[in-house]
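Here is the structure we will look at, set down as structure tokens.
Nothing in this text is a laboratory measurement; each read-out follows from the coordinates by a stated rule. This one's a predicted model, so the numbers in the text were calculated from it and none came from an experiment. Please note: Cβ atoms are built from the backbone with ideal geometry, for glycine as well, and neighbour counts cover all protein chains shown.
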Amino acid sequence: MSNRAIIVEQGDITRMAVDAIVNAANQQMLGGGGVDGAIHRAAGPELLAACRAVPEVRPGVRCPVGSVRWTPAFRLPSRHVFHTVGPVWRGGGYGEPELLASCYRRCVELAVYMGVRTLAFPAISCGVYGYPLDQAAEVSVATLRNSLNDETPLDAVYLVAFGQDMYQAWLTALGD
Ligand code: ADP
């Protein structure tokens, strides 16, 4: 796929009828606020059970920061949920850009591995984790452009902004 298949939308990611949506989860993967809470509510209680079944890599950590884990999507209109954990913004000098880039890159890799053709991301780390929206938009777009080329077997990657400010940040980063 080409750069043109990165599509910015404003709305609720739980409504996206794509092959896989990405959840901005936390390391425990047992639900939370923001988009994580919305995804769990819309998917139903089976999602929490599936998350619990993901093995811990150390106490309290099912998915380390910058990594991704898979579950089914249950009652969501998508088929899969890719749970990734973004970095908490601590000023930018603690590896936050690299960790955020890793979230986007690992999700694309998992999509290719699983034969997912349409993938939707929320603005990872841009809620309670406090990542500056413009900088997060730049990291996500640059990482996706690096991860996707004309041979990548994906049809579309959606960047789903909940608010107007994130929508604008992504449009600016894409140069639209
Ligand atoms: P994080 O902990 O990674 O910062 P949050 O869930 O707090 O995650 O916020 C991530 C982004 O998801 C924010 O930009 C927030 O506005 C957005 N968001 C919240 N609910 C939804 C939703 N239903 N669909 C899409 N994006 C959402």
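Assorted remarks:
- If you go through segment 163-176 and pick out every residue that is at negative phi and part of a loop (DSSP other than H, G, I, E, B), you end up with 2.
- Among residues of segment 125-162, those that are part of a helix (DSSP H, G or I) and surrounded by 19 or more Cβ atoms within 10 Å (Cβ to Cβ), counted: 9
- In segment 116-136, the residues that are more than 12 Å from the ligand (Cβ to nearest atom) form Cβ pairs under 6 Å with partners that are of a type in the set (Gly, Ala, Ser), at six or more places apart or across chains, as follows: Val116/Ala20; Thr118/Ala156; Leu119/Ala20; Leu119/Ala111; Asp134/Ala169.
- Here the strands (runs of 3 or more DSSP E) wholly within segment 1-75 that include at least 2 residues being without any contact (Cβ under 8 Å) to a residue 60 or more places away in the chain and either within 16 Å of the ligand (Cβ to nearest atom) or within 22 Å of Gly130 (Cβ to Cβ) (or both) are 68-72.
- Entry remark, segment 118-154: residues being farther than 22 Å from Val35 by Cα and in contact with a helix residue (DSSP H, G or I) (Cβ under 8 Å, 6 or more places away or on another chain) number 8 in total.
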